[in-house]
Amino acid sequence: HKRTQISSKAHSSPSEHQNLIESIEKNKVMIAALKLAPLILTPSNSSKIIKLICSKILSKESAVGAFAIRAIQASIHVNNDNTTRIISQLYTYLNENISSINPDSIYCIVSAMKYILEATTFERIFLSKSNFRHVFFIIMLGLVSSCHLTRSAALDAAKTIQNPYASSFFSKLEKIASERGKELLFSVVCPGTEDLDDIETIKFSNFSRSKS
């Protein structure tokens, strides 16, 4: 996944760093527009501008995608009311393109959701039931991804949710998936093993981040 956030570039290779610099240079106008967008949002134009910002998350240009996510975060900080529109827009795009969307786009959307949730946590924004349904849809799609980076971003997003019911749900999911994973593993490696209680369980959150 080349379209990662700027913050994740701290340990990137020299070539990736150079590509990011070139992407910033090539897209100065769009990046400037994304920086400005959160400051010009009004009730009358917010839907149109938020739709534009969200669409840029999926840009093939890494710098544009990164600044789009920062613009989304800034939009939430500027006006908390933008949160519902942003979450709804991401969900709508994903839901309408679920049969054709590619793994890179899923990664970008899940990563964006993680940063959105960080902003809502910082601002102490209460999410409605509709918001949570959309958030859960995106996170669950990320958790079953074949890409470890997407699964990792989904796990990070899940841990960011400030809701006791959501925390309880993901804790139970972790326990059930971990135990079932152990059962499936030993059914293949050591068939016939019946007592697994004394065998340490590998947590779902650990093996789901694995590349294998």
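Within region 15-29, the residues that satisfy the criterion of being open to solvent by less than 60 Å² (accessible area, probe 1.4 Å) and either free of Cβ contacts under 8 Å to residues at least 40 places away in the same chain or hydrophobic (A, V, I, L, M, F, W, C) (or both) are L20, I24, N27. Residues in region 47-69 that are small (G, A, S) and touching a residue at least 60 places away in the same chain (Cβ under 8 Å): 3 in all. Screening N82, N97 for residues that are more than 15 Å from the chain's Cα centre (by Cα), of a type outside the set (V, I, T) and under 17 Å from L39 (Cα atoms) leaves exactly one candidate, N82.
Answer with yes or no whether L52 is open to solvent by 20 Å² or more (accessible area, probe 1.4 Å) and over 14 Å from the mean Cα position of the chain (by Cα).
Details: open to solvent by 20 Å² or more (accessible area, probe 1.4 Å): yes; over 14 Å from the mean Cα position of the chain (by Cα): yes.
Criteria met by L52.
Take the conditions (1) open to solvent by 50 Å² or more (accessible area, probe 1.4 Å); (2) at pLDDT below 85; F204 misses just one of them, which is (1). Residue-level check: of (1) surrounded by 15 or more Cβ atoms within 10 Å (Cβ to Cβ); (2) part of a helix (DSSP H, G or I), F122 misses just (1).
Results for (1) more than 18 Å from A166 (Cβ to Cβ); (2) in contact (Cβ under 8 Å) with a residue 40 or more places away in the chain, shown as yes or no for each residue.
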| residue | (1), (2) |
| --- | --- |
| I40 | yes, no |
| I72 | yes, yes |
| N80 | yes, yes |
| T83 | no, yes |
| Y93 | yes, no |
| I138 | no, yes |
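Just one of the numbered conditions (1) open to solvent by 30 Å² or more (accessible area, probe 1.4 Å); (2) at pLDDT 90 or above; (3) within 20 Å of H134 (Cα to Cα) is not true of N82: (1).
The values are calculated or read from the model by the stated rules, or taken from the named source; none is laboratory data. The shown structure was predicted, so the numbers you read here are calculated from the model rather than taken from an experiment. Every residue, glycine as well, gets a Cβ built from its backbone with ideal geometry; the counts of neighbours run over all protein chains shown. Only protein heavy atoms, including side chains, enter the accessible area calculation; ligands, DNA and RNA are left aside. Shrake-Rupley method; radii C 1.70, N 1.55, O 1.52, S 1.80 Å.
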